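Report on the following structure.
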Amino acid sequence: MKRLLGLLCLVSLLAIPAVAEAAPPTTTIYNANWGDDDTKIELSYLVDDPEATVECQIDEEPWYECGSEAYFWMGTWRVWFETDYPELTFGHWFRIRGTNGDGTEASPPGYYRE
């Protein structure tokens with residue numbers, strides 16, 4: 001009887017599904033397009049969590065939410081970076097990251113143009 005109870009306990013433990021470990025989202029940048037007047041750049045990207053908040057950054061400026069400005073076209077999300085910097089497209093870092101309830105992407109991808 002003790003063996004049967006022990007076996008039933010073992011079987012019930014094995015039947016419990018494993019809980020997947022949650023993780024921050026991952027972002028991939030696919031392409032960059034330059035605006036006509038060199039004051040804006042468009043990056044194509046995907047975030048692997050559709051519920052993630054998307055944030056953008058230029059150089060070391062503070063991160064800001066930019067997902068509401070994004071649009072989906074030809075399989076990727078696209079967002080324009082615009083600022084008052086003259087010749088924005090040269091010598092600046094452009095970064096996109098995802099953040100969700102499980103954290104913020106630790107090493108967000110960036111794009112740099114010399």
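Every residue, every condition in (1) at pLDDT 60 or above; (2) assigned to a helix (DSSP H, G or I); (3) surrounded by 13 or more Cβ atoms within 10 Å (Cβ to Cβ); (4) not hydroxyl-bearing (Ser, Thr, Tyr), yes or no:
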| residue | (1), (2), (3), (4) |
| --- | --- |
| LEU10 | no, yes, no, yes |
| ILE29 | yes, no, yes, yes |
| ASP36 | yes, no, no, yes |
| VAL79 | yes, no, yes, yes |
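Between residues in segment 22-35 that are touching a residue at least 40 places away in the same chain (Cβ under 8 Å) and under 18 Å from ASP102 (Cα atoms) and residues that are surrounded by 14 or more Cβ atoms within 10 Å (Cβ to Cβ) and basic (Lys, Arg), which pairs lie under 7 Å by C-beta distance while being six or more apart or on different chains? Listed by first residue and then by second, the contacts come to THR27/ARG97.
MET74 is checked against (1) surrounded by 10 or more Cβ atoms within 10 Å (Cβ to Cβ); (2) at pLDDT 70 or above; (3) hydrophobic (A, V, I, L, M, F, W, C) and fails just one. What number does that condition carry? Here MET74 clears every test but (1). The condition of being at pLDDT 85 or above, surrounded by fewer than 13 Cβ atoms within 10 Å (Cβ to Cβ) and farther than 16 Å from PRO25 by Cα holds for only one of PRO86, PRO62, that being PRO62.
The values are calculated or read from the model by the stated rules, or taken from the named source; none is laboratory data. Computed from a prediction, not measured in an experiment: that's the story for all the values here. Glycine gets a Cβ as well: all are built from the backbone with ideal geometry, and neighbour counts include every protein chain shown.
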